[in-house]
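Before any comments, here is the structure.
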Amino acid sequence: AEMIEAFRFIPHWRLDDLMASFATPGGSVGPHIDNYDVFICQGSGKRRWRVGARGEHVQFAAHEALLHVEPFDAIIDEELEAGDIVYIPPGFPHEGITLETSMSFSIGFRANSAVSLLSAFADYLIDGEQGGQLLEDPNRQVVTHSGEVSNNDYASIKLQVQNLLDDETSFKKFTGQFLTAAKHELDILIPDEPFELSEVSNLLNSHAIKRLGGLRAFYFEDTIEQGLCYINGSELAFSAEIANGVKLLCDKVMLLPDDLIDWSHNAAFVELTTELLNQGYWYLAEAE
């Protein structure tokens, strides 16, 4: 969505979702707390927003799928009109009350908890049949207290887990795949006829290429020059000579012919772009 482009100042691996809300006068989901950063953009109509201070607020189940928070003192109390934006950090109680029939948009930026990351990493290791090394103790000595876990044994167990996290190649690959995994089912349309390399080279001179909505494509600062990026939950290797071209693909949703003037005749870049077009991850668009 074009609205998201206004928030490119935040790394988009943090982006969670864009939600549109229509409400009539008096409409509200009630006072609540979100555990992520959110920007509320008023599209039309008028809505009053109250935001309280972060603190120990009692929450209760107003509905089986919705927690409310007890009444709070507002540190922000404003009426938003079309074009206005309010930023609400995680943990701050807030409530929006519709004053006039309105449409608003919420852009949420979520940070994953350590527990969710560890759980996903464990699944990654299991799926890849990694981390199956058994605890070995060839120097085991006879013990006096059979019920005791010695400091050395505890350190060995902890080291096993720590070694998995310290495997930079494995953990970085997992992180790239985890951050680019689709948040919802993508509307992928495979071309009826696969694109040919020569065809794509010519098309890049006259057409824009646009990334599929919801597709996530990121790279790491220290491995992009080695020819690695991550797209839709998979690691993608490419020729290191086109690293700057791949940065463009990941940084911008749409690339115009002028953006690709240095790449439209580069064989490696054209080959990669052809693959992405044939997968339905990018598609041709009219140059604006």
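Read-outs throughout are calculated quantities, based only on the coordinates presented, and are distinct from any laboratory measurement. This one's a predicted model, so the numbers in the text were calculated from it and none came from an experiment. Cβ placement follows ideal geometry from the backbone for every residue including glycine, while neighbour counts extend to all protein chains displayed.
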Worksheet item: If each of Arg48 and Ala182 carries a label point 7 Å out from its Cα toward its Cβ, how far apart are those two points in nm?
Response: 4.3
Worksheet item: Counting pairs on different chains as well as pairs 8 or more places apart, how many Lys pairs in the chain have Cα atoms under 30 Å apart?
Response: 15
Fill in: Loop sites in region 1-77: trypsin sites (Lys or Arg not before Pro), DSSP, at most 16 other Cβ within 10 Å
Arg8, Arg14, Arg54
Response to the item:
A correct Karplus calculation of ³J(HN,Hα) over region 111-123, with 6.51 cos²θ - 1.76 cosθ + 1.60, θ = phi - 60°, whole Hz and x for Gly and Pro, returns 10, 6, 6, 4, 5, 5, 5, 5, 5, 5, 5, 4, 4
Item to complete: Can you tell me the FRET efficiency between Glu5 and Glu64 if r is taken as the Cβ-Cβ distance and R0 is 25 Å, rounded to the nearest 0.05?
Response: 0.10
Practice prompt. Kindly provide the chymotrypsin sites (Phe, Trp or Tyr not before Pro) of region 108-195 that DSSP labels as loop, not H, G, I, E or B, and whose Cβ sees at most 15 other Cβ atoms within 10 Å.
Written response: none
Discussion item. What percentages make up the Cα-Cα pair-distance distribution of the chain when the bins are 10 Å wide from 0?
Written reply: 5, 20, 23, 20, 18, 9, 3, 1
Item to complete: Per DSSP H run of at least 4 residues, take -39500 (n - 2.57); add these up for the chain, divide by its residues and hand me the 222 nm value, nearest 500 deg cm²/dmol.
Response: -8000 deg cm²/dmol
Worksheet item: What's the FRET efficiency of Ser116 with Ser146 using the Cβ-Cβ distance as r and R₀ = 41 Å, to the nearest 0.05?
Response: 0.65
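Relative contact order for the chain: what is it in percent, counting Cα pairs under 8 Å that are at least 6 residues apart?
Dividing the mean separation by the residue count of the chain yields 18 percent.
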Discussion item. Modelling each spin label as a point 7 Å along the Cα-to-Cβ direction, I'd like the Asp123/Glu235 distance in nm, to one decimal.
Written reply: 1.9
Worksheet item: According to the square roots a ≥ b ≥ c of the eigenvalues of the Cα gyration tensor, what is the shape class of region 73-112, taking rounded for a/c under 1.5, prolate for a/b larger than b/c otherwise, and oblate for the remainder?
Response: oblate
Worksheet, complete the sentence: A convex hull over the alpha carbons of region 2-109 yields, per residue, a volume in Å³ of 106
